[in-house]
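The values are calculated or read from the model by the stated rules, or taken from the named source; none is laboratory data. As the structure is a computational prediction, the values presented were derived from the model and not from experiment. Cβ placement follows ideal geometry from the backbone for every residue including glycine, while neighbour counts extend to all protein chains displayed. For accessibility, only protein heavy atoms count, side chains too; no ligands or nucleic acids. Shrake-Rupley method; radii C 1.70, N 1.55, O 1.52, S 1.80 Å.
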Amino acid sequence: MDFDEKPSFVLGGNAMMVKLSRFSWSPLILIILLALLSFQITSKAVYPVKIAFNSSTSKDDIMADSRTCVGFFGELPERKAVLSIRDFGGVGDGKTSNTEAFRKAMRYVQRFGERGGAQLNVPEGRWVTGSFNLTSNFTLFLEEGAVILGSQDPKEWPIIEPLPSYGRGRERLGGRHISLIHGDGLTNVVITGNNGTIDGQGKMWWELWWNRTLEHTRGHLVELMNSQDILISNLTFLNSPFWTIHPIYCSNLVVKDMTILAPLNAPNTDGIDPDSSTNVCIEDCYIESGDDLVAVKSGWDQYGIKMARPSSNIIIRRVSGTTPTCSGVGIGSEMSGGVHNVTIEDLHVWDSAAGVRIKTDKGRGGYIANITISNITMERVKIPIRFSSGSNDHPDERWDPKAVPVVKGSFYQ
């Protein structure tokens, strides 16, 4: 459906208030027909299963307040060892490289993993660094006025193997640049602070993309793989080179009280992209980006189909922001492992192309099922809820044109 002017929408309760001008129907592909045939109106929200983040949090604690995910994680763990990046030679002058300081710190704190864990404080200052890897039972804490700055040397963002559910880098063949803050196979990790900032300084990477001189897929600001019991909260993330927060193959994750900002023309700077992950809560976040504010994914074509790792049990609540060319919440188009049990509520989107967009392509396979949407406020949004194809891109020539995705069970309350 194409609209000649941008309407203002308020979706809530059992009513939809809308002011529209003339519209025209566009040709619908098979995927959209399947989606529309399954779209339903219900007075009952279907909530994902809620899982406690630690053994001391009871089911009663979790269900006491269904409007917040704070009970998912419980109280912040008290770490046995508390250290400062200055203890490892860090200099917060905005010029000195602290890559080795952060890497040295992370090697050191690993010894506390089974001895009460560790916290690394980043004091006020501007701390330039390349990529570093987190460890389990660990808290990264940015104090007020602390700013971590992504290095402008691409060599400090090393090349790593492509993700198995993508088969190659998302933008280029072969490997991909590691994220600024990275972790693989971790448990009990907190990234938080007193509203400190992590700035990826992504302009260098965007220019490589714009100039078509990018050799490997850009890195994320934060990527956690194969990890569980994760909290990211109370920080500002700026100018990611690529997707900002990318949890993949993760479970039990909360992203809460975050501000995520990138220029509105910055390419592919999605805010939060849970990917082949389960039991995820995203709430009370403000996002401005050059792509979807939140995008739920689960692998790309035959690689995602083979891995069959769905994204499921995801709550997206009280997220607000703007993206001029994309959507408040996108599902897909990389969804070949399947997506199910997603609750989207209390979303506020303005000056954007779509409120919620469910997108996929021939060759993706997989499924999108049991999506619940309620209480969405939209201002000057072109299309409120959109079912469409994606960009029709594929990892290689081995994709299967007969792998048609299935979309069913979408609920609007």
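Things to note:
- Where region 246-303 is the region considered: accessible area per residue in Å², 1.4 Å probe: 17 Å²
- Close amide-amide hydrogen proximity is noted between Ile148 and Trp127, Thr197, Ile198, Asp199, each under 5 Å apart and 5 or more residues distant or on a separate chain (H modeled in the peptide plane; Pro and chain starts excluded).
- If R0 is taken as 30 Å, the Cβ-Cβ distance between Ser97 and Leu173 corresponds to a FRET efficiency of 0.50.
- Close amide H pairs (under 5 Å, H built 1.01 Å from N) link Ala403 with Gly363, residues at least 5 positions away or on another chain.
- J(HN,Hα) series, region 123-136, from Karplus relation 6.51 cos²θ - 1.76 cosθ + 1.60, nearest Hz, glycine and proline x: x, 3, x, 10, 10, 6, 7, x, 5, 9, 9, 7, 9, 6
- Dipole magnitude of region 269-413, debye to nearest 20 (Cβ charges: Lys/Arg +1, Asp/Glu -1, about Cα centre): 560 debye
- Share of carbon and sulfur in the accessible heavy-atom surface of region 132-252 [1.4 Å probe, %]: 47 percent
- In order along region 276-289, the Karplus-derived 3J(HN,Hα) couplings, from 6.51 cos²θ - 1.76 cosθ + 1.60 at θ = phi - 60°, round to 6, 10, 10, 6, 10, 10, 10, 8, 6, 10, 10, 9, 10, 8 Hz, and Gly and Pro are given as x.
- For the peptides 201-207, 325-331, 95-101, residues were scored by their other Cβ atoms within 10 Å and the scores averaged per peptide; the highest-first order is 325-331, 201-207, 95-101.
- Using a cutoff of 8 angstrom between alpha carbon atoms and counting only pairs six or more residues apart, the relative contact order for region 190-237 works out to 76 percent.
- Peptides 251-263, 393-405 ordered by packing proxy, namely the average of other Cβ atoms within 10 Å per residue, highest first: 251-263, 393-405.
- The loop-placed GluC sites (Glu not before Pro) in region 132-202, going by DSSP, that have at most 12 neighbouring Cβ atoms within 10 Å of their Cβ come out as Glu144.
- Couplings 3J(HN,Hα) for region 342-359, derived from phi with the Karplus relation 6.51 cos²θ - 1.76 cosθ + 1.60 (θ = phi - 60°), are 10, 10, 10, 8, 6, 8, 10, 10, 9, 6, 9, 6, 8, x, 10, 10, 9, 10 Hz, where x marks Gly and Pro.
- Cross-link pairs Lys80/Lys297; Lys203/Lys362; Lys256/Lys306; Lys297/Lys382; Lys95/Lys297 - those with Cα-Cα distance over 29 Å: Lys80/Lys297; Lys203/Lys362; Lys256/Lys306; Lys95/Lys297
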